[in-house]
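The values are calculated or read from the model by the stated rules, or taken from the named source; none is laboratory data. Predicted model, so just to flag it, every value in this text is computed and none were measured. Cβ placement follows ideal geometry from the backbone for every residue including glycine, while neighbour counts extend to all protein chains displayed. Only protein heavy atoms, including side chains, enter the accessible area calculation; ligands, DNA and RNA are left aside. Shrake-Rupley method; radii C 1.70, N 1.55, O 1.52, S 1.80 Å.
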Amino acid sequence: QNSGQKKLFIINEDWFGDDIMFLRYISIIKGYGFKISLSAHKNIINLLKTSPYLDDVEVNSKFSNKSILEHDFKTNLMSLPYILSEKTNFIPKPLPLNLNEQKILLKKNLTKLVNEKKYKIGLSWRGNPSHERDKIRSIPVQFLSKIFKEFEKCKFFVIQKKLDPMEINFLSNFKNVINCDDYLDDFSETAMLVSKMNQIISVDTVLAHLSGSIGIPTNLLLPKIPDWRWGLSGDSTDWYPSVLIFRQSSIDCWENVLEKLSSNLSKSF
């Protein structure tokens, strides 16, 4: 039943990855005629507005209580698959992002590095430390030294924020690793950088959702007991066709994951 112009307020999730993952359901909700408002963190709004799915959606980081109360319905973003479960028995395609190089400008130094004719791999080995599952999903950066050395002809672009002094010092030992922290101020810039990569290596964090949505080949490194969305087995996911999953064979054992990652990267050369 079409709801006419009933107003729906969608509350975003705590993590950017969830926003990117579940906003794909907006296209289905819009088909029922709702006028939609979406709350989102200010740092991701510019990226979300590149999606045609949100062309006629009001996206803002702050809404007044009066404005929120004027909506007929309210729901959390991650509730949409459940709400729509009786109407849909499929996972929609990832959120489309139309990244315009004329509007999203990378800083000059980063643009120069990206334009070098070398194989480019984006990288994230840990997520937000305040995440309740961060200790099991993140990898000590030292574990990646073998990858950096084995593929020394590649350029590795570190696509994550707030590196600590130990990590920065460690990465300085590798001439083929570029810390992009200072180059990225807005999440739309992060997306533009990701779109320039040949491949992505990521643990279970926002980078995997971003590269999966853009369609960049993504190597997703998962713990033995992963987050629910990735299931307990298999090397692919219906959420993102471009993602290839590498799973721990036992708890806290990243060695086998990195060995399989190395073998897969070797196929690209």
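Over the residues of the chain, compute the C-alpha Rg and express it relative to 2.2 N^0.38 Å. Intermediate results must be reported in sequence, preceding the final value.
Details: Rg = 19.5 Å, N = 269, 2.2 N^0.38 = 18.4 Å.
Compared with the compact-globule rule of thumb, the chain sits at 1.06.
Distance between the modelled labels on residue 103 and residue 236, one decimal in nanometres: 3.3 nm (7 Å Cα→Cβ projection). Based on Cα contacts under 8 Å between residues 6+ apart, the stretch 1-52 shows a relative contact order of 52 percent. Once the 1.4 Å probe is applied to the protein heavy atoms, the chain comes out at 52 Å² accessible per residue. A dipole drawn for the chain from +1 and -1 charges on Cβ atoms has a positive end, and of 8, 269, 165 the residue lying farthest that way is 269.
What's the Kirkwood radius of the stretch 141-231 in Å, using all Cα pairs? Computed over Cα pairs of the stretch 141-231, the Kirkwood hydrodynamic radius comes out at 14.2 Å.
Nothing charged except the Cβ atoms of Lys and Arg (+1) and of Asp and Glu (-1): what's the magnitude of the dipole of the chain about its Cα centre? Round to the nearest 20 debye. Could you put the intermediate results ahead of the total?
Details: 36 positive and 30 negative charges, 119 e Å.
Charge dipole of the chain: 580 debye, to the nearest 20.
Multiplying the residue separation of residue 146 and residue 267 by 0.36 nm and removing their Cα-Cα distance gives an extension gain of 41.9 nm.
Charge dipole of the stretch 122-269 (Cα centre as origin; +1 on each Lys and Arg Cβ, -1 on each Asp and Glu Cβ, all else neutral): 380 debye, rounded to the nearest 20.
Rounded to the nearest 500, what is the 222 nm mean residue ellipticity of the chain from helices alone, with -39500 (n - 2.57) per DSSP H run of 4+ residues and division by all residues? Can you show the working numbers first?
Numbers: 12 runs with 82 residues, N = 269.
After summing the helix terms and dividing by the residues of the chain, the value is -7500 deg cm²/dmol.
Full extension of the chain between residue 11 and residue 253 yields a length gain of 83.5 nm, computed as 0.36 nm times the residue separation minus the alpha carbon distance. Taking only the Cα atoms of the stretch 176-215, the ratio Rg/Rh comes out at 0.93, with Rh defined as the Kirkwood radius.
Expressed as cubic angstrom per residue, what is the convex hull volume of the alpha carbon set of the stretch 1-160?
On the way: hull volume 26.8 nm³, N = 160.
So the per-residue hull volume is 167 Å³.
How many percent of Cα pairs in the stretch 96-206 exceed 17 Å? More than 17 Å apart: 55 percent of the Cα pairs in the stretch 96-206.
Distance between the 7 Å Cα→Cβ label points at residue 162 and residue 134: 0.6 nm. Percent of accessible area on the chain owned by carbon and sulfur, 1.4 Å probe? It is 50 percent, rounded to a whole number.
Residues in the stretch 57-82 near a label at residue 27, defined as backbone nitrogen under 19 Å from the 7 Å Cα→Cβ point? What the label zone holds, given the 19 Å backbone N cut-off, is 57-58, 77-82.
May I ask which of 66/135; 118/260; 87/161 have a Cα-Cα span longer than 31 Å here? Spell out each step's value before the answer.
Details: 66/135 40 Å; 118/260 23 Å; 87/161 39 Å.
Flagged as over cut-off: 66/135; 87/161.
Relative contact order, whole percent, for the chain stands at 18, derived from Cα pairs under 8 Å and 6 or more residues apart.
Both radii are taken from the alpha-carbon atoms of the stretch 22-114; with Rh as the Kirkwood radius, Rg/Rh is 1.05. The mean sequence distance of close C-alpha pairs (under 8 Å, at least 6 residues apart), as a share of the length of the stretch 139-269, puts its relative contact order at 17 percent.
Cα convex hull, the stretch 190-240: 69 Å³ per residue, rounded to a whole number.
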